[in-house]
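The values are calculated or read from the model by the stated rules, or taken from the named source; none is laboratory data. Just so it is clear, the structure is predicted and the values come from calculations on it, not from any experiment. Reconstructed Cβ throughout: ideal geometry from the backbone, glycine too, with neighbour counts over all protein chains shown. All accessible areas refer to the heavy atoms of the entire protein, side chains included, with ligands and DNA or RNA removed. Shrake-Rupley method; radii C 1.70, N 1.55, O 1.52, S 1.80 Å.
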Amino acid sequence: MQLAFAPELKAFREEAASWLNEQLSGPFKAIRGQTNQVDNVEERRAWEAALGEARWSVIGWPEQWGGRGASIAQQIIFAEEYARAKGPPRAGHLGVELLGPTLIAMGSEEQKARFLPDIATGKAIWCQGYSEPGAGSDLANVKTRARLEGDKYIIDGQKIWTSMGTIADWCFVVARTEPGSVGNKGLSFLMVPMDQPGVDARPIRQMTGEAEFAEVFFDGAEALAIDRIGAEGEGWKVAMALLGFERGVSTLAQQMQFRNELDDIIAIAKANGSAQDPITRQKIAKAHAGLKIMRYNALRMLSGGENNPDLTGAAYTYKLYWSQWHKSLGELAMEVMGQQGETGINEERFDSLTTMYLMARSDTIYAGT
């Protein structure tokens with residue numbers, strides 16, 4: 001099995017790295033290396049616009065929708081270089097990585113023309129209206145209701161753990177449109193504008209001090225019937241197709257971010273002398289080996305997954321592996337930092353490794369269990 005990139009991709013990698021480093025050392029230096037998704041909102045929107053203007057935002061999309069028609073290998077390379085350059089978390093990632101590909105695969109031509117350009121150019125930030133207080137791990141148990149009145153749906157209900165909910169322009173919502181239906185039957189997939197009466201997004205403060213999540217209340221909110229993806233009652237099919245896009249080239253970028261975190265841990269261990277402890281050195285070596293295993297497994301999935309349905313289960317195994325590995329990495333970071341890791345930069349923010357340790361507690365839950 002070939003686990004290296006073809007030589008002809010070297011120029012593409014150099015082009016991507018050059019652009020990213022130039023931008024993140026220049027006009028966007030202030031947000032380089034940031035980990036919070038809802039800080040510096042205007043700069044983050046400007047960054048999304050810059051990516052779109054240079055056609056780096058959605059490189060895997062067709063050119064007509066703002067992409068480059070990039071191959072899987074090119075998408076992986078850009079994702080890796082983005083993480084290596086310490087680009088900030090994408091404010092538009094839910095539109096770029098989840099809704100956009102779903103629209104391309106399942107949306108009408110009118111929907112593509114209406115929504116894809118704004119995602120590609122950073123004009124529209126999206127959030128995801130899936131989980132509810134009683135329907136998190138049991139997503140099919142959603143209670144949010146939507147009734148069709150003329151050419152609009154009227155929506156009532158509540159969503160929770162809505163990433164980017166306080167800054168998003170739009171939300172894609174799974175709602176029950178067939179009264180009396182249960183489970184995954186009678187659901188529809190609606191695209192809902194956030195800036196309207198009847199939508200109330202309330203931030204949820206996390207133990208990291210950040211408020212990336214929100215709970216969103218719908219009280220008579222409206223969505224156009226033409227903004228429903230798929231047929232009425234087939235929302236589960238669309239919702240599951242969207243989640244399929246969550247296991248893709250971003251896995252390699254994720255691993256590059258893990259590499260950055262491990263490098264930071266090693267640097268601290270060398271500086272404070274804990275690298276001389278044989279147990280600490282063993283744990284660092286184990287983390288390094290685990291990272292290599294993840295990379296090889298991710299490349300294996302991406303190199304043949306489309307033509308080999310037997311690899312589908314590998315994505316579930318990969319999720320279990322990386323989430324447990326990352327939790328252990330957070331624990332290692334706290335061991336190496338000692339008391340330094342228990343004090344925040346200020347009363348609202350911890351440093352990046354402490355934040356990683358705290359956030360890693362949720363890795364085993366989000367994005368599917």
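For the chain, with all protein chains in place and a probe radius of 1.4 Å, 52% of the accessible heavy-atom surface sits on carbon or sulfur.
Here the Gaussian network model covers the chain, with springs between Cα atoms less than 10 Å apart; of 339, 75, 23, 339 fluctuates the most. All distinct Cα pairs of the chain go into the 1/r average, and the inverse of that average, the Kirkwood radius, is 21.8 Å. Computed from the C-beta positions of residue 8 and residue 254 and an R0 of 22 Å, the FRET efficiency is 0.30 to the nearest 0.05. Within the shell of other residues whose beta carbon sits under 10 angstrom from the beta carbon of residue 127, the net charge comes to 0, with Lys and Arg scored +1 and Asp and Glu -1. Sorting 222, 110 by accessible area puts them as 110, 222; the probe is 1.4 Å, largest comes first, and only protein heavy atoms count. A straight Cα-to-Cα reach below 19 Å connects residue 10 with the aspartates and glutamates 22, 80, 81, residues fewer than 8 places away in its own chain not being considered.
Which residue fluctuates most in the GNM of the chain (Cα springs below 10 Å): 124, 221, 275? Comparing 124, 221, 275 in the GNM, the peak value goes to 275.
When Rg and the Kirkwood radius Rh are both evaluated on Cα atoms of segment 117-180, their ratio Rg/Rh stands at 1.02. Computed over segment 255-299, the P(r) curve from all C-alpha pair distances, binned at 5 Å from the origin, holds 5, 22, 28, 22, 13, 7, 3, 0 percent per bin. Using a ≥ b ≥ c from the Cα gyration tensor of segment 200-242 (square roots of the eigenvalues), is it rounded, prolate or oblate, where a/c under 1.5 gives rounded and otherwise the larger of a/b and b/c decides, a/b for prolate? Verdict is oblate for segment 200-242. What the pair-distance distribution of segment 186-292 shows, using all Cα-Cα distances binned every 10 Å from zero, is 11, 21, 26, 19, 14, 9, 1 percent. Given 112/319; 152/237; 283/327; 29/292; 123/319, which pairs have Cα atoms separated by over 23 Å? Table pairs above 23 Å Cα-Cα are 112/319; 29/292; 123/319. Each DSSP beta bridge with both residues in the chain is either parallel or antiparallel, and the antiparallel ones are about 85%. Figure note: 245, 28 ranked by solvent-accessible area, largest first, 1.4 Å probe, ligands and nucleic acids not counted: 245, 28. Quick check: from the Cα gyration tensor, does segment 27-144 come out rounded (a/c under 1.5), prolate or oblate? Oblate, because a/c is 1.5 or more while a/b does not exceed b/c. Stretched out straight at 0.36 nm per residue, the stretch from residue 296 to residue 219 would grow longer than its current Cα-Cα span by 23.0 nm. Shown in residue order for segment 140-157 are the 3J(HN,Hα) couplings computed by the Karplus curve 6.51 cos²θ - 1.76 cosθ + 1.60 at θ = phi - 60°: 5, 8, 4, 10, 4, 10, 9, 10, 7, 10, x, 9, 9, 9, 9, 10, 9, x Hz (x for Gly and Pro).
For segment 165-189, backbone nitrogen atoms closer than 20 Å to the point 7 Å from residue 362 Cα along Cα-to-C-beta are found at 165-174.
Name the residue farthest towards the positive end of the dipole of the chain from the options 180, 339, 54, assuming +1 on Cβ of Lys and Arg, -1 on Cβ of Asp and Glu, about the Cα centre. After comparing all options, I get 339. Would segment 83-148 count as rounded, prolate or oblate if I go by the C-alpha gyration tensor, calling it rounded below 1.5 in a/c and otherwise prolate when a/b exceeds b/c, oblate otherwise? Oblate, because a/c is 1.5 or more while a/b does not exceed b/c. Taking only the Cα atoms of segment 131-258, the radius of gyration and Dmax are 15.3, 50 Å. Note on segment 62-103: Rg/Rh from C-alpha atoms, Kirkwood Rh, equals 0.98.
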